[in-house]
1. Given the criteria touching a Phe, Trp or Tyr at 6+ places or on another chain (Cβ under 7 Å) and among the small types (Gly, Ala, Ser), does GLY185 qualify?
2. Pairs only if they're at least six apart or on different chains, beta carbon under 6 angstrom, first in region 114-137 and touching a residue at least 60 places away in the same chain (Cβ under 8 Å) and part of a helix (DSSP H, G or I), second open to solvent by 20 Å² or more (accessible area, probe 1.4 Å) and within 7 Å of the ligand (Cβ to nearest atom); list them, first residue then second.
3. What's the total number of residues in region 347-361 that are surrounded by 12 or more Cβ atoms within 10 Å (Cβ to Cβ) and not aliphatic (A, V, I, L, M)?
4. Just to be sure before I move on: is LYS412 out of contact with any strand residue (DSSP E or B) (no Cβ under 6 Å at 6 or more places or on another chain), within 30 Å of VAL136 (Cβ to Cβ) and at pLDDT 95 or above in the structure I sent?
5. Out of ARG47, ARG107, I need the residue that is away from the ligand (no atom under 16 Å from the Cβ) and either touching a Leu at 6+ places or on another chain (Cβ under 9 Å) or basic (Lys, Arg) (or both). Which one?
6. Does region 161-174 contain any residue that is among the β-branched types (Val, Ile, Thr), in contact (Cβ under 8 Å) with a residue 24 or more places away in the chain, part of a loop (DSSP other than H, G, I, E, B) and within 13 Å of the ligand (Cβ to nearest atom)?
7. Condition first: surrounded by fewer than 23 Cβ atoms within 10 Å (Cβ to Cβ) and either under 16 Å from GLY250 (Cβ atoms) or free of Cβ contacts under 8 Å to residues at least 12 places away in the same chain (or both). Now tell me which residues in region 406-432 satisfy that.
8. Give me the residue from region 297-329 that is in a loop (DSSP other than H, G, I, E, B) and open to solvent by 30 Å² or more (accessible area, probe 1.4 Å) and, out of that set, farthest from ARG344 (Cα to Cα).
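The values are calculated or read from the model by the stated rules, or taken from the named source; none is laboratory data. From a predicted model like this one, the values you see are computed outputs, not experimental measurements. With ideal geometry, Cβ positions are generated from the backbone for all residues, glycine too; neighbour counts draw on all protein chains shown. Accessible surface is based on the protein model in full, side chains and every heavy atom, while ligands, DNA and RNA are left aside. Shrake-Rupley method; radii C 1.70, N 1.55, O 1.52, S 1.80 Å.
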Amino acid sequence: MSNNPLSRRQFIQIGTGALAATTAAKAILQPQRLYAARPVPPSDTIRFASIGTGIRGCEHLEASLQVPGIQCVAVCDLYDSRHTAARESVKNPSVMATRDYRSILDRKDVDSVLIATMDHNHRRIFEDACAAGKDVYCEKPMSHTVEDGFAMVEAAHKNNRMVAVGSQRVSSVLYAKAKEIHDSGKLGEVFSINAYWDRNSPSGAWVYPIPPDASEKTIDWNAFLGSAPKHAFDPVRFFRWRCFTDYGEGLGGDLFVHLLSGIQFVAGINEPAQRAQSSGGLYHFKDGREFPDLIETLYDYPNCRITLRCNLNNNGGEFIGFYGTKGTMIIKDATLTYRPEDTRPEPEGYSIFGWPKALREQYLEKWHEEHPVPAALASNVDAEGESYSNPPGYSDTVDHQANFYNAVRTRKPVVENEIFGNNAAIGCHLANFSYFNKSVAVWDPATKKIVKG
Ligand SMILES: NC(=O)c1ccc[n+]([C@@H]2O[C@H](COP(=O)([O-])OP(=O)(O)OC[C@H]3O[C@@H](n4cnc5c(N)ncnc54)[C@H](O)[C@@H]3O)[C@@H](O)[C@H]2O)c1
């Protein structure tokens, strides 16, 4: 035995791992857009307005041009230059632009609104839009606080609105393939899920440049503050709002919510974690921000453990690993890899080192009698694994929008509706509660509150 340190299983694992990593043919997935199923007649056009046309709002406006059957009829932002940027993005220099979102909600020809404002302003606009009878696509994280999230769920239900929350991976073809693999049972039981999203640049840490025309004249500062505490005009707070607790949730709201939404979708989870414990610190970007630049959180869900990490001091990219009893599935940036575990029975090879030779041989002889040797060593292992990637130029944002507008037409909810989005956002609030309180954060479903553990 000592001449052959690798067991058959170890041998096959190395073989299959190498295969999965190097030679499993990578299939390019094709977009499966719901709207492609049928052409949309002009009479069925959905008219939408974008409230918030900053970075994400402009991305949405550009993406909307690829979604048939929708039309942007108005844009709204508190910073005047973003009216120009929005008109450029939607390639319509005469589209109505305003600072006041209520004038958009008053319009009868607006069917739905896309909310892409800073997070602390989501709730008010969302509630007003629902009350005005508009369907809502709201950017992630849905809520700035736990209380906001439940108020938004109530507003959507009370007014019978279709809602999509904006973690677009939920509509991605790559994640649809991951879900198919997960649901097929090929992973076995998945008790452990690890994910990270690491970036290493000032832009990745939200140190965005301040545009030279930013001033109290070009920005409606009081409307930006909304229900947040009063503060003197400060363009850093306006353009780098993710760094401040009054407006954003740091890495929890920016990236954890994307990771959790992808995991919730693939693993079929739609409830908040029971407990979370965070650790981290502000190590590099000591620029007055109120959030850590490294945070790691361990979540307890009823049937699995999820660990998340976001680090702004190393460029690890985006990763989710699902570790199951029968296989491992990794999503790394735009690629998905599945590798089976070799779970065929094998004789004990370790603990019998402590047995006398005669007993060892007796044990092995009996074991082999009870387990006839497979015909060919590797032939009955699904050794090649599977590998997939997004098609070049693929946009899951286009698919996410398409799914939302399909829901608006059919009145059948999307996967990432208000309940799903609220649960993912609670994950970010649990992480931050634990970090700032230096304690375990426990979700209390009875009071719908986070308490110290
Ligand atoms: N899904 C994604 O991949 C993704 C990517 C980036 C941002 N986001 C989300 O999109 C939202 C916006 O992020 P961003 O990066 O575009 O921020 P941003 O600062 O670039 O833009 C936000 C805009 O909202 C406007 N705004 C704020 N309150 C408003 C109000 N009451 N009425 C009208 N306009 C208002 C501001 O004037 C600002 O221009 C955030 O919730 C963020 O988390 C999602």
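1. Details: touching a Phe, Trp or Tyr at 6+ places or on another chain (Cβ under 7 Å): no; among the small types (Gly, Ala, Ser): yes.
So GLY185 does not fit the description; no.
2. Cβ pairs passing all conditions: ASN121/GLY226; ILE125/TYR101.
3. Filtering region 347-361 down to residues surrounded by 12 or more Cβ atoms within 10 Å (Cβ to Cβ) leaves 347-349, 352, 355, 360-361.
Next cut, not aliphatic (A, V, I, L, M) only: 347-349, 355, 360-361.
Going through region 347-361 one residue at a time, the tally reaches 6.
4. Numbers: out of contact with any strand residue (DSSP E or B) (no Cβ under 6 Å at 6 or more places or on another chain): yes; within 30 Å of VAL136 (Cβ to Cβ): yes; at pLDDT 95 or above: yes.
Against the criterion (out of contact with any strand residue (DSSP E or B) (no Cβ under 6 Å at 6 or more places or on another chain), within 30 Å of VAL136 (Cβ to Cβ) and at pLDDT 95 or above), LYS412 qualifies.
5. Numbers: ARG107 fails: away from the ligand (no atom under 16 Å from the Cβ).
Sole residue among the options that is away from the ligand (no atom under 16 Å from the Cβ) and either touching a Leu at 6+ places or on another chain (Cβ under 9 Å) or basic (Lys, Arg) (or both): ARG47.
6. Kept after step one, since they are among the β-branched types (Val, Ile, Thr), are these residues of region 161-174: 163, 165, 170, 173.
Then drop every residue that is not in contact (Cβ under 8 Å) with a residue 24 or more places away in the chain, which leaves 163, 165, 170, 173.
From what is left, the residues that are part of a loop (DSSP other than H, G, I, E, B) are none.
Taking every residue of region 161-174 in turn, none turns out to be among the β-branched types (Val, Ile, Thr), in contact (Cβ under 8 Å) with a residue 24 or more places away in the chain, part of a loop (DSSP other than H, G, I, E, B) and within 13 Å of the ligand (Cβ to nearest atom).
7. Those that are surrounded by fewer than 23 Cβ atoms within 10 Å (Cβ to Cβ) and either under 16 Å from GLY250 (Cβ atoms) or free of Cβ contacts under 8 Å to residues at least 12 places away in the same chain (or both): THR410, LYS412.
8. Residues of region 297-329 in a loop (DSSP other than H, G, I, E, B): 302-303, 312-316, 325-326.
Retained after the next criterion (residues that are open to solvent by 30 Å² or more (accessible area, probe 1.4 Å)): 302-303, 313-315, 325-326.
On the way: PRO302: 29, ASN303: 25, ASN313: 42, ASN314: 39, ASN315: 38, THR325: 12, LYS326: 10 Å.
Per the stated criteria, the residue is ASN313.
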